[in-house]
1. Give me a count of the residues in segment 32-59 that are assigned to a strand (DSSP E or B) and farther than 17 Å from residue 145 by Cα.
2. Pick out the one residue from 112, 138 that is in a strand (DSSP E or B), within 11 Å of ligand 1 (Cβ to nearest atom), closer than 27 Å to residue 74 by Cα and not acidic (Asp, Glu).
3. Quick check on segment 182-200: of everything there that is at pLDDT below 95 and part of a helix (DSSP H, G or I), which residue is nearest to residue 130 (Cα to Cα)?
4. Across segment 140-167, which residue is nearest to residue 129 (Cα to Cα) among those that are in contact with an Asp or Glu (Cβ under 8 Å, 6 or more places away or on another chain) and crowded, with 19+ Cβ neighbours inside 10 Å?
5. Just give me the residues in segment 145-181 being more than 15 Å from ligand 1 (Cβ to nearest atom), part of a loop (DSSP other than H, G, I, E, B) and in contact (Cβ under 8 Å) with a residue 24 or more places away in the chain, in sequence order.
6. Please state which of the following conditions residue 186 fails to meet, knowing it meets all the rest: (1) more than 16 Å from ligand 2 (Cβ to nearest atom); (2) over 16 Å from the mean Cα position of the chain (by Cα); (3) closer than 16 Å to residue 57 by Cα.
7. Looking only at segment 125-173, count every residue that is within 16 Å of ligand 2 (Cβ to nearest atom), in contact with a Cys (Cβ under 7 Å, 6 or more places away or on another chain) and of a type in the set (A, V, I, L, M, F, W, C) and tell me the total.
8. Could you please let me know if residue 126 is more than 15 Å from ligand 1 (Cβ to nearest atom), in contact (Cβ under 8 Å) with a residue 24 or more places away in the chain and not aromatic (Phe, Trp, Tyr)?
Amino acid sequence: MKKWFFICLVIFFACSGIDGEGRRLVRKESTKEFIYVVYSSSFPPDMAMKMRKEIEQFYQVKTKTLPPVSLPKKTMTAIQGRYQANRILDWMKEKYRNKNAKVILLTNADICTDRNLNGKINPNYRIFGLGVRPGNFCVVTISRFGNKKVERKLAYVVLHELGHNYGLEHCTTPHCMMKDAQGKGANIENEPKQFCKKCRNLIRK
Ligand SMILES: [Zn+2]
Ligand SMILES: [Zn+2]
């Protein structure tokens, strides 16, 4: 936790210290950026392709697909079929450490984390997704989306988790995509795919 806070501080000061010339350089570099999309071997490939388009349109970056993966046993929990999202992120950090770019993993497996809700820790709490903030890795699952509007819900969570990668925290502004779904995600399929002004300005590209 401390480490991430420190990295946040460093990035904050690094960005705030850049002059006009520097800003132009940063923007120039960011246009070359791309994001890798990887999916579980049982995840529908056509849906992954649609998510690539969503990411490209929203973040104005290019995307590439990496070979499909199986979640390793070491990321499993004691609960049958449920995987620890934090362990998945650790595994991704190791596996894709040479990529030097953001990597998003799409899966249909159940994923969970130890979640603090109203001061109480809920172990193995099922979630839609988890992303390092700021960082290069996030994981999103379709396992709890039911059968309706799956792609719409998935796109929302994909863009949300990448928002964390870009440094955004949860936001309380109504209809901002960075709001905390608390693992329930009521009506995310009806929410606009957009950030509030504050979050838009905070994106670290
Ligand atoms: Zn979040
Ligand atoms: Zn916001």
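1. Let us first name the residues in segment 32-59 that are assigned to a strand (DSSP E or B), namely 34-40.
Narrowing the set further to residues that are farther than 17 Å from residue 145 by Cα leaves 34-38.
Here the count works out to 5.
2. 138
3. Here the answer is 188.
4. Applying the first criterion (in contact with an Asp or Glu (Cβ under 8 Å, 6 or more places away or on another chain)) to segment 140-167 yields 140-141, 143-144, 148-149, 152-153, 155-156, 158-159.
Filter again for crowded, with 19+ Cβ neighbours inside 10 Å, leaving 140-141, 153, 155-156, 158-159.
Working: 140: 4, 141: 6, 153: 11, 155: 11, 156: 11, 158: 8, 159: 10 Å.
The residue in question is 140.
5. Scanning segment 145-181 gives 148, 149.
6. Evaluating residue 186 over (1) more than 16 Å from ligand 2 (Cβ to nearest atom); (2) over 16 Å from the mean Cα position of the chain (by Cα); (3) closer than 16 Å to residue 57 by Cα leaves (3) as the failure.
7. 3
8. So residue 126 does not fit the description; no.
The values are calculated or read from the model by the stated rules, or taken from the named source; none is laboratory data. Here the structure is a predicted model, which is why all the values come from computation and not from measurement. We place every Cβ from the backbone using ideal geometry, glycine too, and count neighbours over all the protein chains shown.
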